[in-house]
Protein chains: 2
Amino acid sequence: MSVDHNPFDRHFDSLESIADTISEVVQCPVTIEDASHKLLAYSSHDPETDPARIATIIGRRVPENVISALWKEGIIQQIMTSHEPIRISQISEVGLGDRIAIAIRNNQDVLGYIYILDNNQRTNETSLQLLQQAAQAARTKLVQLQTQNRKQEQHHHDFFWHLLTHKNPSEPETKERASQLGISLPPRYQVIVLEFETDINEKLNQQIQYTIRTVQQIRIALHVIHNNRLIMMCAPGVGKHAELQYKDECSKFITQLKLRFGAVPVRRGGGLFYEQYVFVEKSYQEALVVIQMGNTYPEALSGIYDYNELGYYRYLPTLVVDRERKPIINESLHRLRQYDEEHNSDLSYTLEIFLNQDSNVKKAAEVLHVHTNTLMYRLKRVMEIGDIDLNNMDQKVTMYLELKLNKWK
Amino acid sequence: MSVDHNPFDRHFDSLESIADTISEVVQCPVTIEDASHKLLAYSSHDPETDPARIATIIGRRVPENVISALWKEGIIQQIMTSHEPIRISQISEVGLGDRIAIAIRNNQDVLGYIYILDNNQRTNETSLQLLQQAAQAARTKLVQLQTQNRKQEQHHHDFFWHLLTHKNPSEPETKERASQLGISLPPRYQVIVLEFETDINEKLNQQIQYTIRTVQQIRIALHVIHNNRLIMMCAPGVGKHAELQYKDECSKFITQLKLRFGAVPVRRGGGLFYEQYVFVEKSYQEALVVIQMGNTYPEALSGIYDYNELGYYRYLPTLVVDRERKPIINESLHRLRQYDEEHNSDLSYTLEIFLNQDSNVKKAAEVLHVHTNTLMYRLKRVMEIGDIDLNNMDQKVTMYLELKLNKWK
DNA sequence: CCTGTCTTTGTGTAAAACTACAAAGATAGG
DNA sequence: CCTATCTTTGTAGTTTTACACAAAGACAGG
């Protein structure tokens, strides 16, 4: 086979024929994947293969542990940035033999990958050169695919956005529209919103798309990006395994975003789970409440991501509205604030910390960096000046809620 | 003067002329009062009088301490029930000399009183007999007065009821209407509602009217009776003295109702103070909230009568509405209740008492009549079964509010 | 009936909270 | 500047809590 002749400088009917051609050239099994490691084509007639390849073909997607391993070794990063084929040493823990991989690119964008299973190291420099030609050939096919996907994606986006913003969509109509679009809706879902520091740009968008597509334990049925938010309809995958691990998987999703791309969502919120699609908007609003509350009470709600974990915080938006309609000054707090102002002291803050620390003198004193007796003295003053009985749950809850509500902008 | 001749068997121009005639007959100073001890007429040309009579004439009303003393001695009770004149021994503490009194009646109703100052015990049986005739003569005058008052009262009722039930009455129109009706509205008022066990019947009504009219430190500008409720527009009287004592006086008002007539309001509620009359309805609604909350949380809110003392309880109605619109089961409480059901234990009740007692193990154990270690053990179980951290204020407040809201019917 | 778990009550101990009191620094107002 | 008050920190003694462990009663399921 001469270098002058380029076997990929012709028309191909399909990606399969490209895969077969590569396989013929390099005499190795070949798989072609899209940007999110979904299997697009693979060479047939391959004598030897490895467990990773079998799993990929059977699941029509590269298994998650294989992807994770490749990321961990820094291989995906290499492939994505390099224009040359990359040699991959075997990773036997995930059943992956020696490989060679090259990205299929369109300008800067990575559209997919060509993997070659090279167990016996048969490939030489010449065939590696040819791989670049093969990637070129695959490119046009993938561009076509991508345009199709883009269109479909746009439809998905529109459909999801409609669900998110309309209070009472018809249940049967929604289901019909979903099946028209080829979306299989999960029987039980929740809406999750991730909020990023800044508006989501093209690069971050692609990283997110990649992460969404490669996540496997959670099922992200629909998603939309809006300004600095990623909004997703999520459901646990099939099997009890996935059901139990769901929460962990959601966190893992975010960890992956961070580890692989350094993209960290600032805030995270999840609505309740529902089974009817009339409630998508509800779950969305709930997720937004979690985000809002998280922004308002960052320390108190750190580690709380779901609406059903909000506890009494879920009532606060309602109470704020109620209070605005009917403003009543809390005499006790007012007096404390006044005293603080006049004597530039910190009685109200002291009270706040004390209550935050569950009325535990020692802990509160530590947080405030003062002697316990100092705290004791201050609390006595709080009781005197504010006319508050700090041994009375009702009065403490009143003050606690008051302090919480006062944090509202 | 012969017994056969009745000096009261003729027409009298006014109550004053009756008073003068009595005075001539018995040779003693005379005062005529209405049913609520407001001065209606008094004899002139009286040589001797006592401090109580002077104060009555100057204030155009029997001083409160005098009325109280007469009640305490059981004298008013006697006068009200007897058809005969009653002799009253002097009560020097309140400047009251020896007297003779008789009720002016129309059938069962007491319309007013005739008092005779009898310091030198000059009156004999004959003149006492004549007193009954005098009461008869005064009766017709008082009946006329009463009819007039009834009409005026009806107007007052209508006016007040309108304020209570209309959200945005015009401020200038309200003031004009008040001055038309001869009502002087207080500059600052609150609405107080007293709720009785049963609907207010004629007898209780009269007792209430009597008490309202005789109260002197609080100014009850308007009042209405509706089913089992007495609704009043109250204001402190003039002077700083009255301002400070206002709260005590309100309680005293109720004590008087109880002591004098055995009529005890079951529930009491006061709205906020306002200065504009647009807010009468608001203050009324607030008073009703206090009553409602008092009925829902009798122990917790015993001793709380005003809306501004409700603390966080004032939010509960809003929260109940919010919760109904969006029912979320509190997993922790649900699990506790379930456990209680299955093992017929009292974990949720234990938690409730523990929180009510401000997380004080000793007090809670006492309330529950168990050993502190028993309570400790139960709380540990509560934490395990409900997955609650009882050292976390947020979680405790969540549970506390949840338990409170669950008390709602 | 037995058996194992749940529950109550008891004992003991270390840690923490509450109380009273004292000393000294900080601060405001005359 | 002095003085009175407010504030912080310290010491000491009592009460309460938290925790570990043990014994015994209650109860359910085989």
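Accessible area of chain A with a 1.4 Å probe: how many percent of it is carbon plus sulfur?
48 percent
Treating the beta-carbon of each Lys and Arg as +1 and of each Asp and Glu as -1, no other charges, what is the dipole magnitude of chain B about its Cα centre, to the nearest 20 debye?
560 debye
Between the range A:185-240 and the range B:31-46, how far is it from one alpha carbon centroid to the other, in angstrom?
Computed from Cα coordinates, the inter-centre distance equals 87 Å.
Please average, across the residues of A:296-308, the number of beta carbons from any other chain that are within 10 Å of each residue's own beta carbon, and give a whole number.
The shielding value for this peptide is 1.
Note down the Stokes-Einstein diffusion coefficient of the range B:15-142 in µm²/s, whole number, using a Kirkwood radius over alpha carbon pairs, 20 °C, and 1.002 mPa s.
152 µm²/s
Between B:ASN227 and B:GLN121, what length comes free when the chain is fully extended (0.36 nm per residue of separation minus the Cα-Cα distance, one decimal in nm)?
Working it through step by step, the gained length comes to 33.4 nm.
How many nanometers, to one decimal and shortest first, lie between the label point of B:PHE261 and those of its other copies, if labels sit 7 Å from Cα toward Cβ?
7.7
First measure r as the distance between the Cβ atoms of B:GLN338 and A:ASP199, then evaluate 1/(1 + (r/R0)^6) with R0 = 60 Å and state the FRET efficiency to the nearest 0.05.
Numbers: r = 47 Å, r/R0 = 0.78.
Using R0 = 60 Å, I get an efficiency of 0.80.
Could you compute the net charge surrounding B:LEU96? Neighbours are other residues with a C-beta less than 11 Å from the C-beta of B:LEU96; K and R count +1, D and E count -1.
-2
Tell me, what is the percent relative contact order of the range A:16-124, built from C-alpha pairs under 8 Å that lie six or more residues apart?
Relative contact order here is 27 percent.
Need the per-residue list for the range B:357-372: every residue with at least 40 Å² less accessible surface in the complex of protein chains than in the chain by itself, probe 1.4 Å, sorted by number.
SASA drop of 40 Å² or more in the range B:357-372: B:ASP358.
Could you work out how far helix B:347-356 tilts from the main Cα principal axis of chain B, as a 0 to 90 degree angle to the nearest 10?
That helix lies at roughly 50 degrees to the long axis.
Pick from B:GLU352, B:GLU384, B:GLU24: which is most flexible by mean-square fluctuation in a GNM of chain B where alpha carbon atoms under 10 Å apart are linked?
Maximum fluctuation in the GNM of chain B, among the listed residues, is at B:GLU384.
With the contact rule set at Cα under 8 Å and sequence spacing of 6 or more, what percent relative contact order holds for the range A:259-399?
In percent, rounded to a whole number, it is 16.
If you build the convex hull over the alpha carbons only and average its shadow over all orientations, what do you get for the range A:328-406? Give it in nm² to one decimal.
4.8 nm²
Can you give the percent of C-alpha pairs in the protein assembly as shown whose distance is more than 45 Å?
53 percent
Order the peptides A:215-224, B:56-65 from the highest to the lowest mean number of other Cβ atoms within 10 Å of their residues.
By packing density, highest mean first, the sequence is A:215-224, B:56-65.
For chain A, what does the accessible surface come to per residue with a 1.4 Å probe? Please give it in Å².
Ligands and nucleic acids excluded, the figure is 49 Å² per residue.
How high is the relative contact order of the range A:284-367? Use alpha-carbon pairs under 8 Å, at least six apart in sequence, and give a whole percent. Don't skip to the answer; put the middle values down first.
On the way: 34 pairs, mean separation 11.8, N = 84.
Computed over the range A:284-367, the figure is 14 percent.
Using only Cα atoms, what Kirkwood radius does the range A:270-397 have, in angstroms?
Kirkwood radius, the range A:270-397: 17.0 Å.
Which FRET efficiency value, to the nearest 0.05, do you get for A:LYS151 and A:HIS5 by plugging their Cβ-Cβ distance into 1/(1 + (r/R0)^6) with R0 = 35 Å? Mind dumping the intermediate values first?
Values: r = 37 Å, r/R0 = 1.07.
For A:LYS151 and A:HIS5, the calculated efficiency is 0.40.
Please compute, for peptide B:310-322, the average count of beta-carbon atoms on other protein chains lying within 10 Å of each residue's beta-carbon.
Other-chain Cβ atoms within 10 Å of each residue's Cβ, averaged: 5.
Fully extended, how many nm does the chain gain between B:ASN391 and B:HIS369 (0.36 nm per residue separation, minus their Cα-Cα distance)?
Full extension of this stretch gives 5.6 nm more.
Let me spell out the model: positive unit charges on the Cβ of Lys and Arg, negative unit charges on the Cβ of Asp and Glu, origin at the Cα centre of the protein assembly as shown. What dipole size does that give, in debye rounded to 20?
The dipole of the protein assembly as shown has a size of about 200 debye.
Nearest 5 is fine: what % of DSSP beta bridges in the protein assembly as shown come out antiparallel, could you say?
Of the beta bridges lying entirely in the protein assembly as shown, close to 100 percent run antiparallel.
Compute the separation of the alpha-carbon centres of the range A:385-409 and the range B:246-312 and state it in Å as a whole number.
The two parts, judged by their Cα centres, are 22 Å apart.
If I model a spin label as a point 7 Å beyond the Cα along the Cα-Cβ vector, how far apart are those points for B:LYS409 and A:GLN292 in nm?
Going by the 7 Å Cα→Cβ label model, 3.3 nm.
Would you calculate, for chain B, the mean residue ellipticity at 222 nm contributed by helices, counting each DSSP H stretch of 4 or more residues as -39,500 (n - 2.57) and dividing by all residues, to the nearest 500? Kindly include the intermediate steps, with their values, before the conclusion.
Working: 15 runs with 210 residues, N = 409.
Calculated mean residue ellipticity at 222 nm is -16500 deg cm²/dmol.
Run the simple label-point estimate for B:ARG139 and A:GLU243 please: 7 Å along Cα→C-beta, distance reported in nm.
Here the answer is 8.7 nm between the modelled labels.
Just the number: Rg to Rh for the range B:162-288, Cα atoms, Kirkwood Rh, two decimals.
Ratio of gyration radius to Kirkwood radius for the range B:162-288: 0.96.
Suppose you put the label 7 Å out from Cα in the Cβ direction; list, shortest first and in nm with one decimal, how far B:VAL361 is from each other copy's label.
Distances between equivalent label points, in nm: 1.6.
Any idea what Rg and Dmax come out to for the range A:230-297 if you just take the C-alpha atoms, in Å?
13.3, 37
For A:ILE54 and A:LYS175, what does the FRET efficiency come to when R0 = 41 Å and r is the distance between their Cβ atoms, rounded to the nearest 0.05?
In this case the efficiency is close to 0.70.
Can you give the accessible area buried between chains A and B, summed over both chains, with a 1.4 Å probe, in Å² to the nearest 100? Before the final figure, lay out the partial values.
Details: alone 21720 and 21730 Å², together 40500 Å².
Its buried surface, counting both partners, is about 2900 Å².
What average count of beta carbons from other chains do you get within 10 Å of the Cβ of residues in A:396-407?
Across A:396-407, the average partner-chain Cβ count within 10 Å equals 4.
If packing is taken as the mean number of other Cβ atoms within 10 Å per residue, what is the order of B:130-137, B:327-334, highest first? Don't jump to the answer; show the numbers that get you there.
Numbers: B:130-137: 20.0, B:327-334: 14.6.
Listed from highest to lowest mean packing, they are B:130-137, B:327-334.
Under 20 °C and 1.002 mPa s, how fast does chain B diffuse according to Stokes-Einstein, given a Kirkwood radius computed over C-alpha pairs? Answer in µm²/s, whole number. Walk me through the numbers on the way to the answer.
Numbers: Rh = 25.3 Å.
The Stokes-Einstein estimate is 85 µm²/s.
The values are calculated or read from the model by the stated rules, or taken from the named source; none is laboratory data. Note that this is a predicted model, so its numbers are computed, not measured. Cβ: placed from backbone, ideal geometry, glycine included. Neighbour counts: every protein chain shown. For accessibility, only protein heavy atoms count, side chains too; no ligands or nucleic acids. Shrake-Rupley method; radii C 1.70, N 1.55, O 1.52, S 1.80 Å.
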